[in-house]
Amino acid sequence: MSDKAWEDMLEEFRALGGTADNICLRNGIYGRGVFPVDPAKPIAIHVPESLLIDTADARFEDGRFRVGPESKANARERAFLETYENDFSWGAGGRAETEQILEQVQALPAGLRETLRSEYRFGDWFEEPGDRVVQTQFMDARCMSYRGRTALMPLLELINHDPHSAIGHRSDTQNGLAIRGTFSGEVLVRYSDTDAFGAFASWGFASDQPQAFSIALKSESDPVTIGRDLASLSQKTQYWVPKVQRKSGEVALQFLMMGNARYPRMCKGIFYKLMRDAGIADIEETFDRIQHTNLLFATNLLSLVEAAEGAMADTLRRVARFQLQALSNCFGARAL
């Protein structure tokens, strides 16, 4: 890809209502990413709603990205989106990067792959590879929820993830998605406030997430059921209180934060308050059992991949370590 091709693409993007100020594409520590042309000046990217194509409208024909006929995009918008995907995203490394992750997974023993697929629920990364899986994983790693629909986001999806960035992946505007800010080096944003397990399931890499959430749990000995619905996590908060459902003396939590490097006392504090409000007894021991189960789950992952070789085994060992680190950030109990 030449600098001229990049500038021509940005010119058409701006002509279609987008904003792309002070940005260029270079290689950094995370591979290809977005950088400021002048680090002393702010960058600005705004993708108008008209260029946020629904994932359901995306097609792949003979290895190339196409916009389906049912899309609301006009002819010029379709042409831009197809050129962008084939020259700068899907066709310029996105497909190859996705295929590489799937190839690394296939290098693991078959029995280990099945355990990781069925017990650890690491998404379609552990399904049998094929064109459909490659295409689905590519799109799933590059889409965002926008006003009730799931959309691909040109340019914004080229920005890499930093779990400690103060800037979230995007901000809604009256017309589309935008990111603005000043960056001394590579433009890095926080894709999500999921945990290490969730980051791997979504994007296929190990990320040092500062928080950890419980795995989904339902125990016959405890009156508490824990889900793992993390889709509603808001990047505007530093800790999260789940929705609670009560029925016949039992409590179902939407999710449960188990560790938080910034607010380690909030994990038990939130749980204790929710349980007291629900009239649940023995809340301290109940939390300890949940914590024990999560620690075992992460350490068992380390045991499973301990003797495995290859790049994916290394990635999974780091995923387990990051999850354990985040789980360790739970002590004391802040009164709420």
### Summary
Sorting Leu52, Ala40, Tyr84 by the position of each Cα along the dipole of the range 10-93 (Lys, Arg +1; Asp, Glu -1; all at Cβ), the one nearest the positive end of that ordering is Ala40
#### Entry: Cut-off under 5 Å, modelled amide H: who pairs with Ile23 long-range
Val37
## Note on the structure
Taking alpha-carbon centroids only, the range 137-157 lies from the range 74-102 a number of Å equal to 13
### Query
By its C-alpha gyration tensor, with a ≥ b ≥ c as the square roots of the eigenvalues, how is the range 7-138 shaped: rounded for a/c under 1.5, else prolate for a/b larger than b/c, else oblate?
oblate
### Message
So if I place +1 on the C-beta of Lys and Arg and -1 on the C-beta of Asp and Glu, and nothing else carries charge, what would the dipole magnitude of the chain be about its Cα centre? I want it in debye, nearest 20.
### Response
1160
### Query
Under 26 Å from the Cα of Lys247, which lysines turn up, not counting those fewer than eight places away in the same chain?
Lys218, Lys268, Lys273
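Provide the gained length on full extension for the span Ser328 to Gln245, in nm with one decimal, where the gain is 0.36 nm per separating residue minus the Cα-Cα distance.
Numbers: separation 83, 0.36 × 83 = 29.88 nm, distance 2.76 nm.
Full extension from Ser328 to Gln245 adds 27.1 nm.
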### Query
Ordered by residue, what ³J(HN,Hα) values in Hz, to whole numbers, does the range 145-150 give under the Karplus form 6.51 cos²θ - 1.76 cosθ + 1.60, where θ = phi - 60° and Gly and Pro are x?
7, 9, 6, x, 10, 9
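Could you pull out the chymotrypsin sites (Phe, Trp or Tyr not before Pro) across the range 10-81 that fall in loop regions by DSSP (anything but H, G, I, E, B) with no more than 13 other Cβ atoms inside 10 Å?
Passing both the DSSP loop test and the Cβ count: Tyr30.
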### Query
Percent antiparallel among DSSP beta bridges with both residues in the range 196-329, to the nearest 5?
75
## Note on the structure
Magnitude of the Cβ-charge dipole (Lys and Arg +1, Asp and Glu -1) of the range 211-336 about the Cα centre, nearest 20 debye, reported as 580
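Once neighbouring chains are kept in place and the probe is 1.4 Å, which whole percent of the accessible area of the chain is contributed by carbon and sulfur? Intermediate values should be presented prior to the final figure.
Details: 7600 of 16000 Å².
It is 48 percent, rounded to a whole number.
Kindly provide the trypsin sites (Lys or Arg not before Pro) of the range 112-167 that DSSP labels as loop, not H, G, I, E or B, and whose Cβ sees at most 15 other Cβ atoms within 10 Å.
Values: sites: Arg113, Arg117, Arg121, Arg132, Arg142, Arg147, Arg149; in loops: Arg121, Arg142, Arg147.
Those that pass, being in a loop and sparsely packed, are Arg121, Arg147.
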### Task
Using amide H atoms built 1.01 Å from N in the peptide plane, name the residues 5+ places from Thr225, or on other chains, whose amide H lies under 5 Å from its own.
Val251, Ala252, Leu253
## Note on the structure
Scalar couplings 3J(HN,Hα) for the range 75-88 by Karplus 6.51 cos²θ - 1.76 cosθ + 1.60 (θ = phi - 60°), nearest whole Hz, x for Gly and Pro, are 4, 5, 5, 4, 4, 5, 4, 5, 5, 4, 4, 6, 9, 10
### Query
What accessible area per residue, rounded to a whole number of Å², is obtained for the chain using a probe radius of 1.4 Å?
48
#### Entry: Inter-part distance where the range 176-208 and the range 259-306 are each reduced to a Cα centre, Å
25
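Could you tell me which trypsin sites (Lys or Arg not before Pro) in the range 175-276 are loop residues by DSSP with no more than 15 other beta carbons within 10 angstrom of their beta carbon?
Loop-located and lightly packed - Lys236, Lys243, Arg262.
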### Task
List every residue whose amide H lies under 5 Å from the amide H of Phe60, counting only residues 5 or more places away in sequence or on a different chain, with H placed 1.01 Å from N in the peptide plane.
Arg66
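Just to be sure I follow the definition: excluding the sites themselves, where is the longest run in the chain that has none of the GluC sites (Glu not before Pro) in a DSSP loop with at most 14 other Cβ atoms within 10 Å?
Numbers: sites that count: Glu70, Glu119, Glu220, Glu306, Glu309.
Counting only loop sites that pass the neighbour cut-off, the longest clear stretch is 120-219.
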### Query
Toward the positive end of the charge dipole of the chain, about the Cα centre and with charges on Cβ (Lys, Arg +1; Asp, Glu -1), which of Gln291, Gly130, Leu10 goes farthest?
Gln291
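Considering only DSSP beta bridges with both partners in the range 1-109, what is the antiparallel share in %, to the nearest 5? Numbers along the way, then the final one.
Working: 13 of 13 bridges.
If I count the DSSP bridges inside the range 1-109, around 100 percent turn out antiparallel.
The values are calculated or read from the model by the stated rules, or taken from the named source; none is laboratory data. Since this is a predicted model, take the numbers as computed values, not measurements. Virtual Cβ from ideal backbone geometry, glycine too; neighbours counted across all protein chains shown. Ligands, DNA and RNA are excluded from the accessible area calculation, which covers all protein heavy atoms including side chains. Shrake-Rupley method; radii C 1.70, N 1.55, O 1.52, S 1.80 Å.
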